[in-house]
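Participant: Have a look at this one before I ask anything.
The values are calculated or read from the model by the stated rules, or taken from the named source; none is laboratory data. Because the structure is predicted, anything quoted here is derived from the model rather than measured. Positions of Cβ are generated from backbone atoms using ideal geometry, with glycine treated the same way; all protein chains shown enter the neighbour counts. We work out accessible area using only protein heavy atoms, side chains counted, and drop any ligands, DNA or RNA first. Shrake-Rupley method; radii C 1.70, N 1.55, O 1.52, S 1.80 Å.
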Amino acid sequence: MSWFRQIFRRRGIYDDLAEELDEHLEEKTEQIMRAERVTRSEALVAARKAFGNQTVIEQRSREVWQWPSLESIWADTRFALRQVRKAPGFALTIVLLLGMGIGSVTAVFSLVDAVLLRPVPYPSPSSLVIPWNIPPAGIDIGGYAEIPWNPIQFRALEQETKTYRSIGAFQGGNFNLTGSGDPAMLEGAHVSWGFFPALGVEPEQGRFFTREEDSIGHEREVILSDALWRDRFHADSSILNRAIDLNGAPYTVVGIMPAGFAFPRANEMPGDFTFPAETELWVPLALPAVTPMFTPSELAVVGRLKPGLSLAEAQAAMDVFARRMDREMPAAKGWSGSRVTALQKQVAGDSLKPLVLMLSAVALVLLIVCFNVAGLLLTRSFTRQREFTVRAALGAGRLRVLRQLLTESLLLALARGVAGGVVALAGVRIVKVFGPKTLPRLIEAGVDLRVFAFAFAITLLTGILFGLMPALGAARTNLVESLKESGQKSAAGATHPRLRSAFVVAQVALALVLVIASGLLVRTFYHLLAADAGFRPEHVLTFEISLPSTKYPDRGTIARFYQQALPLLRSIPGVESAGITEAIPMGGATESTGIRIVGRAARKGDRPPIVNYTVISPGLFASLGTPILRGREVLDSDVLSAPPVTVINRALARQYWPNEDPIGKQILVPSQRIPATIVGIVADIKHSSLREVPGPEMFEPYTQNVWPSLALIQVVVRTRSEPAAVIEDTRKVIRQIDSGIPLAKVSTLLTLTSTAMAGERFSMLLVSSFGILAVLLAAVGLYGVISYSVAQRTREIGIRVALGAQRGDVFRMIIGYGLGLSGPGILIGIVAALGMGRILTSFLYGVSASDPLTFFSVSALLAVIAVGASLFPAHRAASINPVEALRME
């Protein structure tokens with residue numbers, strides 16, 4: 001260990017200063033040897049004595065460790081500003097590149113913050129939970145993870161006062177509003193009196209429901225959302241305590257909710273339940289005092305835990321509750337299990353994975369940008385090597401040069417932070433307009449204080465980290481060698497080119513990872529579009545109608561309405577066919593039921609099979625374009641007086657009759673007394689998404705089994721031309737039968753399918769956009785390094801040509817250099833992409849995460865881009881005149 005290093009280690013001073021003073025000691029030793037003609041050992045002792053008073057050490061230590069004054073900081077800043085003015089194009093490039101990267105990361109982080117990090121907007125959000133009713137272990141009910149609570153279970157839950165401070169039930173509902181302009185169907189919710197207290201919200205005006213109003217005969221009250229109050233009632237405060245007409249009955253307005261409150265929302269709840277996209281009004285749930293044990297319902301529950309009670313303790317209490325319900329309802333044993341979910345987690349839903357994918361993609365882009373910028377800074381620091389040499393010769397220490405370069409980097413960081421803020425604001429607006437509406441709390445995304453703090457941290461980090469690496473390289477100036485080489489050559493042979501090459505390799509590797517990810521997502525999207533969904537969405541109009549119970553109180557009146565409407569709809573010019581169904585494709589989950597296959601003895605302890613159950617009309621399959629594979633569809637002649645019939649899908653036929661013809665077999669639904677005969681088999685229809693694997697499903701004619709739920713129905717109309725051409729005639733037909741029934745959710749099946757694909761499309765486009773940007777940045781970085789290498793090797797290339805090298809040889813040498821840089825990056829990127837496959841697996845469909853075609857195609861594309869980036873520098877190198885090259889040196 002050197003003499004000065006031993007001294008400085010004891011004093012706690014870094015080795016950089018020791019190395020510098022060791023050089024001075026060596027020079028002093030050489031001077032003494034020449035002047036006094038003594039041995040090296042004697043000269044070294046004398047030199048150490050000359051430094052023994054520690055004056056130089058102490059002076060240099062104070063210089064190194066003294067905190068910079070405001071005057072010196074201002075001087076550094078002024079000098080940095082002069083550097084920017086000298087090279088405005090360079091500064092602008094740095095600001096735009098990093099501003100774009102920081103802004104993109106900030107925009108995506110604003111989504112992550114709004115959806116995952118920001119607490120739900122209710123008091124004490126950590127105590128809010130949703131206990132979901134779950135099916136018994138081993139029971140498949142069509143893939144549903146949650147099932148509704150029945151009224152008996154909810155009444156028992158209300159007594160769980162040791163667990164919940166307050167608890168409320170809610171379910172979706174539709175309401176026809178008349179008497180206030182054109183009839184309109186509003187999406188609302190039936191809620192118990194404890195619903196709003198559980199959430200801890202207060203009305204903006206008016207009051208909530210009382211316990212007495214949440215009962216049969218007293219439930220004609222309504223609370224309006226702020227949006228509905230403003231849109232339909234023009235923000236008229238006198239609407240309070242006045243009646244409005246809902247479903248043909250007067251409801252008194254007792255309250256108006258604050259702006260933004262619309263709980264429950266469909267995109268915050270499981271797809272197994274039917275909830276409004278935005279709840280517009282709330283009415284009392286009014287459960288009857290006594291209900292049958294297996295009463296169909298769609299009840300969900302929200303509760304506020306007792307103070308100090310954890311989620312695990314709440315789950316344990318619900319497990320005890322399930323065992324108590326098993327004792328009290330032995331006929332429904334096992335069907336009171338629960339999974340307690342924090343409301344914060346419930347609202348975020350399944351958005352974690354796509355948001356992490358987006359954030360990962362944009363983080364990779366930011367890294368590529370940073371490596372690109374670091375390469376630019378490194379090149380610029382090399383062009384300023386003579387400046388650093390002169391500064392060092394005039395007494396500037398390494399840390400002084402380092403501080404100056406960091407000041408310049410932070411000054412640019414401030415500018416790119418501003419540019420990043422502008423990009424982030426624009427990005428958030430674009431995402432809110434074009435982002436998938438299924439993403440919960442999308443509307444809440446914005447650049448607030450938390451997002452600003454994140455952007456500031458990213459800006460500061462990139463400014464220090466990627467400004468530090470080039471600065472460290474530039475500060476390592478060897479004064480003697482630099483002066484010998486005129487301050488231009490010394491660094492060219494080692495650190496700078498290797499570091500820049502490493503930056504390019506990293507850029508290529510990261511770009512390949514992103515492009516492979518986007519390639520896999522593009523192939524997934526293609527496979528989804530090509531998948532057999534069981535229907536043809538072109539030229540299909542869909543809409544929803546709701547029959548109020550005041551005018552359509554029973555099955556007979558409901559059936560007569562459809563018997564009038566369907567022939568009239570089919571008679572509209574341009575209409576090929578029309579039908580009705582409970583569950584339209586891409587419209588959400590269907591009903592489910594247990595069945596018994598007639599003629600097959602059930603083994604003791606076996607539970608009945610669970611299948612999807614949909615009530616339809618004749619003409620539905622023709623309207624959807626669903627092929628009938630065998631037998632026939634339901635007919636108008638399949639009425640109550642005729643033998644019950646059913647049509648099943650291919651999945652049900654394969655599961656229960658894999659080696660025989662199901663036509664003529666019989667299925668019994670527990671709610672029916674007479675089994676239904678299978679008369680046809682149709683293709684499997686996907687109801688929720690194109691990724692769905694359709695489960696067993698049976699279809700029954702509404703003329704034989706009109707469920708009360710058919711008061712809300714989906715109408716499907718296939719047209720010969722554009723569906724929009726028949727919308728007005730369709731509306732006239734419905735008004736001709738009942739002028740108080742509006743058409744709601746008017747759309748096309750093509751639009752519904754596209755909406756169901758919105759999340760897939762958004763992820764694909766976002767990652768693909770970042771992938772394209774990454775490739776362009778990597779190509780620019782590669783081009784810069786090769787061009788710089790050609791400029792530095794001008795003399796070498798001139799000598800090669802002078803010694804007989806052909807221009808083609810030079811051209812191939814530079815192309816090979818480009819491939820040599822990109823090759824390691826491609827290999828590293830392939831390994832990284834294979835490791836990334838675990839993250840992507842859940843996003844893929846019809847393609848594996850290690851798909852050879854995608855990996856080969858993307859690798860070949862990056863190699864071609866590397867050759868393309870090398871062409872111009874290679875042409876320039878091949879055109880070097882050896883005489884001019886040698887004369888320049």
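Participant: Restricting to region 724-751, name every residue that is assigned to a helix (DSSP H, G or I), open to solvent by 50 Å² or more (accessible area, probe 1.4 Å) and either within 21 Å of Glu538 (Cα to Cα) or in contact with a strand residue (DSSP E or B) (Cβ under 9 Å, 6 or more places away or on another chain) (or both).
Facilitator: Passing the criteria: Ala724, Ala725, Glu728, Asp729, Arg731, Leu750, Thr751.
Participant: Looking at Ala874, Ala860, Ala832 in this structure, which one is assigned to a helix (DSSP H, G or I), assigned by TED's automatic domain parsing to the domain that holds Phe525 and in contact with a Phe, Trp or Tyr (Cβ under 9 Å, 6 or more places away or on another chain)?
Facilitator: Unique residue meeting the criteria: Ala874.
Participant: Working carefully through the options Ala300, Ala289, Ala266, Ala277, find the one that is out of contact with any Leu (no Cβ under 7 Å at 6 or more places or on another chain), modelled with pLDDT under 90 and buried (at least 20 other Cβ atoms within 10 Å of the Cβ).
Facilitator: Unique residue meeting the criteria: Ala266.
Participant: Residue by residue through region 788-826, note down the ones that are open to solvent by 20 Å² or more (accessible area, probe 1.4 Å), among the polar types (S, T, N, Q) and under 19 Å from Phe872 (Cβ atoms).
Facilitator: Matches in region 788-826: Gln792, Thr794.
Participant: Here's a follow-up. Inspect all residues belonging to region 101-111 and state whether any of them is under 20 Å from Arg304 (Cβ atoms), open to solvent by 20 Å² or more (accessible area, probe 1.4 Å) and touching a residue at least 40 places away in the same chain (Cβ under 8 Å).
Facilitator: The answer is no; no qualifying residue exists.
Participant: Scan region 322-347 for residues that are closer than 16 Å to Glu268 by Cβ and either open to solvent by less than 10 Å² (accessible area, probe 1.4 Å) or outside any helix (DSSP H, G or I) (or both) and report the count.
Facilitator: 4
Participant: Also, quick follow-up: May I ask you to verify whether Thr274 is assigned to a loop (DSSP other than H, G, I, E, B), under 21 Å from Ser180 (Cβ atoms), in contact (Cβ under 8 Å) with a residue 40 or more places away in the chain and hydroxyl-bearing (Ser, Thr, Tyr)?
Facilitator: Taking the combined requirement at face value, the residue does not satisfy it.
Participant: So, one more: Within region 807-854, which residues are farther than 15 Å from Ala509 by Cβ and of a type in the set (Val, Ile, Thr)?
Facilitator: The answer is Val810, Ile814, Ile815, Ile839, Thr841, Val847, Thr854.
Participant: In region 654-685, which residues are open to solvent by 10 Å² or more (accessible area, probe 1.4 Å) and under 38 Å from the mean Cα position of the chain (by Cα)?
Facilitator: Arg654, Gln655, Asp684
Participant: Quick check on Leu359: is it assigned by TED's automatic domain parsing to the domain that holds Ala511 and surrounded by 19 or more Cβ atoms within 10 Å (Cβ to Cβ)?
Facilitator: For Leu359, the condition - assigned by TED's automatic domain parsing to the domain that holds Ala511 and surrounded by 19 or more Cβ atoms within 10 Å (Cβ to Cβ) - is not met.
Participant: May I pose another question? In region 843-851, is there at least one residue being assigned to a helix (DSSP H, G or I) and open to solvent by 50 Å² or more (accessible area, probe 1.4 Å)?
Facilitator: There is no residue in region 843-851 that is assigned to a helix (DSSP H, G or I) and open to solvent by 50 Å² or more (accessible area, probe 1.4 Å).
Participant: Of a type outside the set (A, V, I, L, M, F, W, C), at pLDDT 70 or above, over 26 Å from the mean Cα position of the chain (by Cα) and open to solvent by less than 30 Å² (accessible area, probe 1.4 Å): which single residue out of Gly435, Gly375 fits that description?
Facilitator: On inspection, the qualifying residue turns out to be Gly375.
Participant: Just one of (1) aliphatic (A, V, I, L, M); (2) over 38 Å from the mean Cα position of the chain (by Cα); (3) assigned to a loop (DSSP other than H, G, I, E, B) trips up Val254, so point out which.
Facilitator: (3)
Participant: May I pose another question? Could you grab the pairs with beta carbons closer than 9 Å, sequence gap of 6+ or different chains, first residue in region 840-862 and under 14 Å from Met764 (Cα atoms), second one open to solvent by less than 60 Å² (accessible area, probe 1.4 Å) and aromatic (Phe, Trp, Tyr)?
Facilitator: Cβ pairs passing all conditions: Tyr845/Phe525.
Participant: Taking region 243-253 on its own, how many of its residues are out of contact with any Ser or Thr (no Cβ under 7 Å at 6 or more places or on another chain) and surrounded by fewer than 20 Cβ atoms within 10 Å (Cβ to Cβ)?
Facilitator: 2
Participant: In addition: Among all residue pairs at least 6 apart or on different chains, which show Cβ distances below 8 Å where the first residue, located in region 524-550, is open to solvent by 70 Å² or more (accessible area, probe 1.4 Å) and the second is modelled with pLDDT under 90 and hydroxyl-bearing (Ser, Thr, Tyr)?
Facilitator: His539/Ser721
Participant: For a quick check of your reading: which strands (runs of 3 or more DSSP E) sit entirely within region 556-647 and have at least 3 residues that are open to solvent by 10 Å² or more (accessible area, probe 1.4 Å)?
Facilitator: 591-594, 628-631
Participant: Please list, ordered by residue number, the strands (runs of 3 or more DSSP E) wholly in region 118-231 having 1 or more residues that are open to solvent by less than 20 Å² (accessible area, probe 1.4 Å) and over 30 Å from Arg731 (Cβ atoms).
Facilitator: Fully inside region 118-231 and qualifying: 128-133, 164-178, 184-191.
Participant: For Ser754, state whether it is in a helix (DSSP H, G or I) and surrounded by 19 or more Cβ atoms within 10 Å (Cβ to Cβ).
Facilitator: no
Participant: Determine which member of the set Leu773, Leu765 is closer than 30 Å to Ile865 by Cα and surrounded by fewer than 17 Cβ atoms within 10 Å (Cβ to Cβ).
Facilitator: Criteria check complete, one pass: Leu765.
Participant: Let me ask something additional. Which residues, taken from region 660-705, are farther than 30 Å from Thr755 by Cα, in contact with a Phe, Trp or Tyr (Cβ under 9 Å, 6 or more places away or on another chain) and in a loop (DSSP other than H, G, I, E, B)?
Facilitator: Correct list: Pro662, Lys665, Val669, Pro670, Ser671, Thr703.
Participant: Only one residue in Ser842, Ser822 is among the small types (Gly, Ala, Ser), more than 30 Å from Val785 (Cα to Cα) and in contact with a helix residue (DSSP H, G or I) (Cβ under 7 Å, 6 or more places away or on another chain), so which one is that?
Facilitator: Just a single option satisfies the conditions, and that option is Ser842.
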